[in-house]
Amino acid sequence: MTGPAEDTKSQLTLLSSKLLHQHQAVEAALNRHVFVWKEIEEKSQKRSSGISKTSRSHIVQVSEIVGIHKVEDEDHTKSKWDQKKTLQFSQLFPNAFTVFYVKRTKNHRWRCNEATFSCSSAELCEQWIQVTREQLSLLTNRPKRLLVYINPFGGKRRGKRIYEEKVAPVFQQAGISADVIVTERANHARDHLTTEANLQQYDGVVCVGGDGMFSEILHGLVARTQNDNKVDQNRPDAELKPCMLRIGIIPAGSTDCICFATVGTNDPVTSALHIIIGDSQPMDVCSVHHNDVFLRYSVSLLGYGFYGDVLADSEKKRWLGPARYDLSGVKAFLCHNYYKGTVSFLPAEDNLGHPRDKLQCRFGCSICQHKQSSKDKLRETADEETAAEVSSSSWKVICGKFIAINAANMSCACPRSPKGLSPSAHLADGTADLILVRKCSRLDFFRHLLRHTNTDDQFDHSFVEVHRVRKFHFEPLDPQPLLLENQSELPKKPGFCPLGSAQTTCIPSAAHSSWNCDGEILHHAAIQVSVHRQLIRLFARGIEEQQQRV
Ligand SMILES: CCCCCCCCCCCCC/C=C/[C@@H](O)[C@H](COP(=O)(O)O)NC(=O)CCCCCCCCCCCCCCC
Ligand SMILES: Nc1ncnc2c1ncn2[C@@H]1O[C@H](COP(=O)(O)OP(=O)(O)O)[C@@H](O)[C@H]1O
Ligand SMILES: [Ca+2]
C-alpha cells in the first residue's frame, strides 16, 4: 500500500520537455507511472481559425512500456524497407528516440505500438532514454532471462517460425535474453527441466506449442520443485510446494485452451507482451493418482468417456493437425458410447460460488483471491470416513451410466468453444467443476454439445449435473463392453463406426474409456484427483473485463 507521501512522490514529474512527434510539437512528460504527450496548439493557428480545438493527449502506463531506443541508422530486427525509412528519418531528425508500448486491440489482442519523438539536442535525447530505462528497471516483476522450449511439430508445425518471426523481435526490443531449445523428441523439455536445466539463471520458462507442450513444462517444473523440497509426489495427500518460476505460453498448438483461457486469445504477440511486462496469474493444478501411485498433473480438462475417446482416436490422426479433433469428435459422437462407474467427490465450500452462478473468472477475480480458512483446510485433509465428522457437507457418491465425466479446472475456453466447458470455472480458486453427462439420446447429447458454441446454458439439461469440487475419485464398474441400441446390427470389426446412420451401433474399444488429461491419455480408469490451489504461475493476467484503449 502506498501512503499519501508515496503517492505524491510517484506523481512527481521526472522529465518534461517539448519534443517533435509526427511533425507536430508536443509537450511530453514522464512520472513513475505514466508517460504522457500532448499536442501543443500554435497560438497563431488558434487565432486564425477562431476555434480552440482541444489538443489530443496520449497516456502510456510505464508498466506497459516494452522498451525505448534511440533511432539508429541500423536496426537488424526491421525489414529492409523499414531500415531505409529509419535511415532517412534519422538523417532528418538526428536526435530521436522511439518508445515501444502495449496497445490493446480487438478480442483481447495486444500489439506492440511505437511512437517516435525528436529532441532539440543529443543530450536531451539521451536523458529521455536513460530516465525511462531507469523507471523500467524498477519494475522487478519483469523477466530478464528466459528459457524457451519450442515444439517444432505442434499444431500446424509452425512453432519455430512463430517464435523467430513474431516473438524473438519483441523480446529483443524489451532487452530480454532467451536460451532457446528446439525439442527433438516428446518429453525432451520435461526431462531437461526435471534433471538438467540450471534454473537459477532464469526468470521464467516459455513453451512454444500447444497444451501438450505446456503439460511437459508443467510436469518438469513441478517435479523439479518437489524433488528439490523432498516432497513425495506419490502421496495423494502431499502438500505440494509451489513453483517459483513463471511459465509463458506462446500458442502454436491444436487447441491452445490454457493460453486462451488465461489471456483471452491465442495470439503469439499478445502472449509475448504479457511475458515482457511480467504479468503473473496463479493457477490451480490437479494431481491424478491411481492406488497411491502418481500418474499426472492436469490444469485444464480431465475428461473420461467422450473426450477420452476423442483423444484416443485422434492420436492415430496426428498427421491431420488440429482437424484431427473434429474428425474424431464426429466419430465419437456417432459411436455414442456410455460407461458405468462411481464418482465420489468433496464439494467446495459455498463461498466459492457455483458452476452455474455466471460469475466468470476475470482479471483481479475476487473468488480466486479468497483465502481458505483453517476449518476448510481441515475438511479438505480429512479422508472420506472422518470427513463426515468435520462437516455436514462432506463426500458425495454418485453411481450411473455416463457419456462423459469432465473435470474442468478452468473454463477450458478455446477457439472451438469461446466460453469453454465450464464458463464460470476459476483459474486459481482451488476447485474444479465436475460435469457429469449421463446416458441420453444422441439428439440430446448433440444439443448439449452445441450449447458449448453459443450462449445457451450447457448445464440446463436433465441429464447433466455439475458440482464445484476440491477432490474427486472415479471407479469404473462394468468389466464388460456396453453395447448400445440394435445389437443385431453390430459391425464385425471392433472399433469401426459406420458413419451416416443414426441407428448404427459401435463396439467400444474397451469396457472402459480412458481419461483425457490435458490432451494426454491416461491408461488407468480408476483415479483419485485433488486440486492444488495456485501451485504454478503463468505470465498472464486472466481475461480483462473491458477493452481499455490507449
Ligand atoms: C456441435 C459442435 C460441438 C462443439 C463442441 C466443442 C467443445 C469443445 C470443448 C473443448 C475443451 C478443450 C479442453 C482442452 C483440451 C486440450 O488440453 C487437449 C489437448 O490440446 P492440444 O492438442 O493443443 O495439446 N485438446 C483436446 O482434447 C481436444 C478436444 C477437442 C474436442 C473437440 C470435439 C468436437 C466435437 C464435435 C462433435 C460434432 C458432432 C456433430 C454431429 C454431426
Ligand atoms: N520434438 C518433438 N517430437 C515429437 N513430439 C514432440 C516433440 N516435442 C514435443 N512433442 C510432443 O508433442 C505433443 C503435442 O504437442 P503440442 O505442442 O501440444 O501440439 P498439439 O497442440 O498439436 O497437440 C506433446 O505430447 C509433446 O510432448
Ligand atoms: Ca480452478
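The values are calculated or read from the model by the stated rules, or taken from the named source; none is laboratory data. Note that the structure is predicted; figures quoted are calculated from it, not measured. Note that each Cβ is placed from the backbone with ideal geometry, even for glycine, and that neighbours are counted across all protein chains shown. Note: areas computed on protein heavy atoms with side chains; ligands, DNA, RNA excluded. Shrake-Rupley method; radii C 1.70, N 1.55, O 1.52, S 1.80 Å.
Here LYS46 clears all of (1) surrounded by 12 or more Cβ atoms within 10 Å (Cβ to Cβ); (2) over 27 Å from HIS274 (Cβ atoms); (3) at pLDDT 60 or above except the condition numbered (3).
Of all the residues in the stretch 314-352, those that are closer than 24 Å to ARG442 by Cα, in a helix (DSSP H, G or I) and either open to solvent by less than 20 Å² (accessible area, probe 1.4 Å) or more than 16 Å from ligand 2 (Cβ to nearest atom) (or both) number 10.
Taking the conditions (1) touching a residue at least 60 places away in the same chain (Cβ under 8 Å); (2) assigned to a strand (DSSP E or B) in turn, VAL205 satisfies each one other than (1).
Conditions tested, residue by residue: (1) within 16 Å of ligand 1 (Cβ to nearest atom); (2) open to solvent by 20 Å² or more (accessible area, probe 1.4 Å); (3) in contact with a helix residue (DSSP H, G or I) (Cβ under 6 Å, 6 or more places away or on another chain); (4) within 23 Å of ARG324 (Cβ to Cβ).
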| residue | (1), (2), (3), (4) |
| --- | --- |
| ILE181 | no, yes, no, no |
| ASP211 | yes, yes, yes, yes |
| PHE214 | yes, no, yes, yes |
| ASN227 | no, yes, no, no |
| LYS230 | no, yes, no, no |
| ALA272 | no, no, yes, no |
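The residues listed here are GLY155, GLY175; of these, the one that is open to solvent by less than 30 Å² (accessible area, probe 1.4 Å) and of a type outside the set (D, E, K, R) is GLY155.
For the stretch 418-438, the criterion of being over 23 Å from the mean Cα position of the chain (by Cα), away from ligand 1 (no atom under 14 Å from the Cβ) and either at pLDDT 95 or above or not assigned by TED's automatic domain parsing to the domain that holds ASP211 (or both) is satisfied by at least one residue. Tell me, please, whether a residue that is over 19 Å from PRO282 (Cβ atoms), without any contact (Cβ under 8 Å) to a residue 40 or more places away in the chain, open to solvent by 40 Å² or more (accessible area, probe 1.4 Å) and more than 16 Å from ligand 3 (Cβ to nearest atom) can be found in the stretch 236-254. Scanning the stretch 236-254, I find no residue that is over 19 Å from PRO282 (Cβ atoms), without any contact (Cβ under 8 Å) to a residue 40 or more places away in the chain, open to solvent by 40 Å² or more (accessible area, probe 1.4 Å) and more than 16 Å from ligand 3 (Cβ to nearest atom), so the answer is no. Within the option set GLU114, GLU164, being part of a strand (DSSP E or B) and modelled with pLDDT of 95 or more holds for one residue only, GLU114. Residues in the stretch 118-152 that are polar (S, T, N, Q), closer than 18 Å to VAL26 by Cα, open to solvent by less than 90 Å² (accessible area, probe 1.4 Å) and assigned to a loop (DSSP other than H, G, I, E, B): SER121 alone. When each of GLY220, GLY209 is tested for being at pLDDT 95 or above, within 14 Å of ligand 2 (Cβ to nearest atom) and more than 17 Å from the chain's Cα centre (by Cα), the lone residue that passes is GLY220.
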